[in-house]
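S.K.: Pasting in a structure now, in structure tokens, and then I'll have a few things to ask.
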Amino acid sequence: MSISHNSIRQVMEKPYLLLNCEKGGIHGIHVKLAAILEEHFEVIPYDEFLKNKNFYSHKIKIFYLWTYANAPKHSLLQCLPNLKIVLSPGAGLDHLDLPLISSYGVKVANTPLTVSSATADFGMALLLASARSLIEGVKMAALPDIRYITFNWMGADITGATLGIIGMGKIGYKIAQRAKGFEMKILYHNRKRRSKEDENAVGAKYCEKMEDLLQQSDFVMLVVNLTPETTKLIGKHELKLMKPTATLINICRGQVVDQDALVEALQNGVIRAAALDVTYPEPLPRDHPLLKLQNVIVTAHIGARTYSTNKKVVERMLANGLAALAGLPIPDEVTQSQKKSSN
């Protein structure tokens with residue numbers, strides 16, 4: 001019995017994976033990370049797919065979202081009849097239309113556990129940088145005409161201060177673990193109260209009402225998923241409840257904060273400062289007030305952006321993708337309860 005060259009090629013051909021970006025470049029997946037995917041898949045950048053849609057449409061079985069751009073819409077899903085799974089690194093799901101994806105029989109997987117440590121580290125980095133006026137200190141040290149270092153440059157204490165964490169999930173709890181090392185008092189507000197064991201391990205006190213947390217905290221850290229209920233969770237009313245010496249830190253989604261109300265609060269001394277890794281939109285317009293205020297730190301949504309963490313994310317997504325193609329249980333498949341909470 002002879003085997004045709006076409007049959008051999010079909011057996012040896014790697015499954016096709018569509019990237020929602022390019023390989024390399026400032027907007028694309030890091031070339032070293034793309035190489036990990038290429039060991040197992042034919043990786044097709046999005047632009048190449050658009051140029052040769054008829055050729056690739058029936059071949060694509062996995063859609064990998066490296067960025068939030070080009071999320072799967074009806075028009076894309078309709079032309080990918082053999083798509084098995086959408087892989088979305090990170091914890092958030094608000095950029096995905098989960099009911100739509102599910103209606104096409106396509107699975108979704110993400111990696112909340114893989115990014116939690118790096119994101120928690122960065123949350124604490126923002127807290128420390130804002131409290132101790134790190135950015136201003138760097139600028140002062142680099143002034144061309146500086147002759148002496150002032151001793152009147154005062155930051156805010158961290159040791160013994162009260163940290164209020166809104167959203168005590170995987171990332172929120174890791175922040176509490178780190179804050180305990182700084183001898184901070186920890187309050188938290190969450191949809192569900194954590195176990196006594198969890199609370200005792202980090203010395204956290206549950207606030208059933210978010211208002212109580214806002215009134216008592218020196219630092220307020222936002223670590224919630226973006227849902228209709230959490231959109232503009234922090235607005236003018238909530239900011240007025242905070243101490244005038246308090247700092248707001250946001251590492252989840254920009255839409256969780258009413259940015260106009262935040263600008264007004266920062267300009268009028270309603271709160272001391274803000275440190276934001278997320279904004280709405282991203283990036284902000286270049287003339288946005290948040291980029292000009294001296295009591296604000298804005299970073300470019302880099303909370304989970306370390307090479308080691310992103311390598312683990314790619315490897316984890318690889319495992320999810322291969323499981324989906326093999327018809328095996330998907331380790332990080334988004335469950336129905338997650339889908340409901342993100343809608």
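The values are calculated or read from the model by the stated rules, or taken from the named source; none is laboratory data. If you're wondering where the values come from, they're calculated on a predicted model, not measured in any experiment. FYI the Cβ positions are ideal-geometry reconstructions off the backbone, even for glycines, and counts take in every protein chain you see. With ligands, DNA and RNA removed, areas are computed over all heavy atoms of the protein, side chains included. Shrake-Rupley method; radii C 1.70, N 1.55, O 1.52, S 1.80 Å.
S.K.: Which is the longest stretch in the chain that no exposed loop site breaks, taking sites as chymotrypsin sites (Phe, Trp or Tyr not before Pro) with a DSSP loop state and at most 11 other Cβ atoms within 10 Å?
M.R.: Here the longest segment lacking exposed loop sites spans 154-343.
S.K.: Sticking with this one: With a 1.4 Å probe and every protein chain left in place, tell me how much accessible area His301 has, in Å² to the nearest 10.
M.R.: The accessible area comes out at roughly 50 Å².
S.K.: Which residue, chosen from Thr159, Gln215, Ala176, occupies the Cα position most advanced towards the positive end of the dipole of region 117-219, where the dipole is computed from +1 (Lys, Arg) and -1 (Asp, Glu) charges on Cβ about the Cα centre?
M.R.: The one lying farthest along the dipole's positive direction is Ala176.
S.K.: Can you put Arg191, Arg316 in order of accessible area, largest first, using a 1.4 Å probe?
M.R.: Accessible-area ranking of Arg191, Arg316, largest first: Arg191, Arg316.
S.K.: With +1 on each Lys and Arg Cβ and -1 on each Asp and Glu Cβ, and nothing else charged, work out how big the dipole of the chain is about its Cα centre, in Debye to the nearest 20. Numbers along the way, then the final one.
M.R.: Working: 40 positive and 32 negative charges, 89 e Å.
Charge dipole of the chain: 420 debye, to the nearest 20.
S.K.: Could you estimate the translational diffusion coefficient of region 88-176 from the Stokes-Einstein equation, with Rh from the Kirkwood formula over C-alpha pairs, at 20 °C and 1.002 mPa s, in whole µm²/s? Walk me through the numbers on the way to the answer.
M.R.: Details: Rh = 16.8 Å.
Once the numbers are plugged in, D ends up at 128 µm²/s.
S.K.: Shifting gears a bit: With +1 on each Lys and Arg Cβ and -1 on each Asp and Glu Cβ, how big is the dipole of region 211-336 about its Cα centre, in debye rounded to the nearest 20?
M.R.: Details: 12 positive and 14 negative charges, 77 e Å.
Computed about the Cα centre, the dipole is about 380 debye.
S.K.: Tell me the Rg and the Dmax, in Å, that the Cα atoms of the chain produce.
M.R.: 23.0, 88
S.K.: How big is the gap, in Å, between the Cα center of region 253-269 and the Cα center of region 67-98?
M.R.: Taking the Cα centre of region 67-98 as reference, the centre of region 253-269 is 31 Å away.
S.K.: Filter the GluC sites (Glu not before Pro) in region 180-268 to those in DSSP coil with at most 15 other Cβ atoms within 10 Å of their Cβ, and list the result.
M.R.: Those that pass, being in a loop and sparsely packed, are Glu183, Glu208, Glu229.
S.K.: Find the relative contact order for the chain and round it to a whole percent, using C-alpha pairs within less than 8 Å whose residues are 6+ positions apart.
M.R.: Numbers: 589 pairs, mean separation 55.0, N = 343.
Dividing the mean separation by the residue count of the chain yields 16 percent.
S.K.: Let me ask something additional. Which one of Ala204, Leu127, Ser102 has its Cα pushed farthest toward the positive end of the charge dipole of the chain, where Lys and Arg give +1 and Asp and Glu give -1 at the Cβ?
M.R.: Value computed over the given set: Ser102.
S.K.: Counting only protein heavy atoms and a 1.4 Å probe, tell me what percentage of region 70-161's accessible area is made up of carbon and sulfur.
M.R.: About 57 percent, which is the carbon plus sulfur part of the accessible surface.
S.K.: Explain nothing, just the number: relative contact order of region 214-343, from Cα pairs under 8 Å at least 6 residues apart, as a whole percent.
M.R.: On the way: 178 pairs, mean separation 26.9, N = 130.
Value for region 214-343: 21 percent.
S.K.: Sticking with this one: Between rounded, prolate and oblate, where does region 171-215 land on the alpha carbon gyration tensor, with a ≥ b ≥ c its root eigenvalues, rounded for a/c under 1.5, else prolate if a/b exceeds b/c? Show your work: numbers first, answer last.
M.R.: Values: a/c = 1.88, a/b = 1.31, b/c = 1.44.
Oblate, because a/c is 1.5 or more while a/b does not exceed b/c.
S.K.: While we're here: Just to be sure I understand the curve: with the Debye formula and one point per C-alpha of region 203-343, what is log10 I(q)/I(0) at q = 0.14, 0.20, 0.21 Å⁻¹?
M.R.: -0.78, -1.20, -1.27
S.K.: Calculate for the chain the 222 nm mean residue ellipticity that helices alone would give, adding -39,500 (n - 2.57) per DSSP H run of length 4 or more and normalising by residue count, nearest 500 deg cm²/dmol.
M.R.: Working: 15 runs with 133 residues, N = 343.
Result for the chain, helices only: -11000 deg cm²/dmol.
S.K.: Under a 1.4 angstrom probe, counting protein chains only, how are Arg132, Arg147 ranked by accessible area, largest first?
M.R.: The ranking, largest first, comes out as Arg147, Arg132.
S.K.: Still on this structure, please answer the following. Per residue, how many Å² of accessible area does region 214-320 show with a 1.4 Å probe? Could you put the intermediate results ahead of the total?
M.R.: Numbers: 4790 Å² over 107 residues.
So region 214-320 comes to 45 Å² accessible per residue, rounded to a whole number.
S.K.: Let me check the size of region 113-226 from its C-alpha atoms; what are the radius of gyration and Dmax in Å?
M.R.: Just the Cα atoms of region 113-226 yield Rg and Dmax of 16.4, 56 Å.
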